[in-house]
Amino acid sequence: MKIRKVSKWANQIVTSILMILLIGVATIVLSTKFTGGDPEVLGYQLKTVLSGSMEPGIQTGSIIAVQSLTEEEKGSFGKGDVITFMEEDNKLITHRITEVTTTENGVLYTTKGDNNNAADRNPVLAENVVGVYNGFTIPYMGYLINFSQSPNGGILFMIVPGFLMLAYSGITIWKTIRQLDEKDKVADLNKHHVS
């Protein structure tokens, strides 16, 4: 009886994990496709780190969660904050603020990668800040996200969890049918003994 309870409990856990995996991956892939960029979850954009300029704190290939900002928030950062900003060539950079300057044109941030020897060449206009990094990172997951954004990756990440769910459902149905057959056999044996 205990084995049956443990088995039932394990089945529910595996089913839940597979469902969460399927829904999570589908959400990330679809979010990426519809927004045409990085996936966004609960007001946080997931960004892939492509360089080692912020190592060892942020490893190359990690994903980081960057909080989206209102226009007012973009000019409110101080020395030590880590921001993600748009460079002139539409490239996103995540670096630490080393100096804040207020000019007649607005707030300017001098930034530097933690692993770089010198500050970035051009100061960052507050209006070019895309988000702020609050410390959430998952090492090496960025490689997986980048692959999932490719056509082959999108197909793979939609099909594999779906196939796992179907296979697991098939095994569960087969086990249930087998248990019902065994109960029918026991019932038939009991009928023969009674008569």
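The values are calculated or read from the model by the stated rules, or taken from the named source; none is laboratory data. Note that the structure is a prediction, hence the values are computed from the model and not measured. Glycine also receives a Cβ, built like all others from the backbone with ideal geometry; neighbour counts cover every protein chain displayed.
Here are the numbers:
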read-out	value
Sole residue being of a type outside the set (Lys, Arg) and at pLDDT 75 or above, chosen from Val160, Val100	Val100
Which listed residue, of Leu22, Leu30, is surrounded by 13 or more Cβ atoms within 10 Å (Cβ to Cβ), at pLDDT below 65 and out of contact with any strand residue (DSSP E or B) (no Cβ under 9 Å at 6 or more places or on another chain)	Leu30
Odd one out for Gly142, checked against (1) assigned to a strand (DSSP E or B); (2) surrounded by 15 or more Cβ atoms within 10 Å (Cβ to Cβ); (3) touching a residue at least 60 places away in the same chain (Cβ under 8 Å)	(1)
All positions within segment 69-90 that are of a type outside the set (A, V, I, L, M, F, W, C) and surrounded by 14 or more Cβ atoms within 10 Å (Cβ to Cβ)	Glu73, Lys74, Gly75, Ser76, Asp81, Thr84
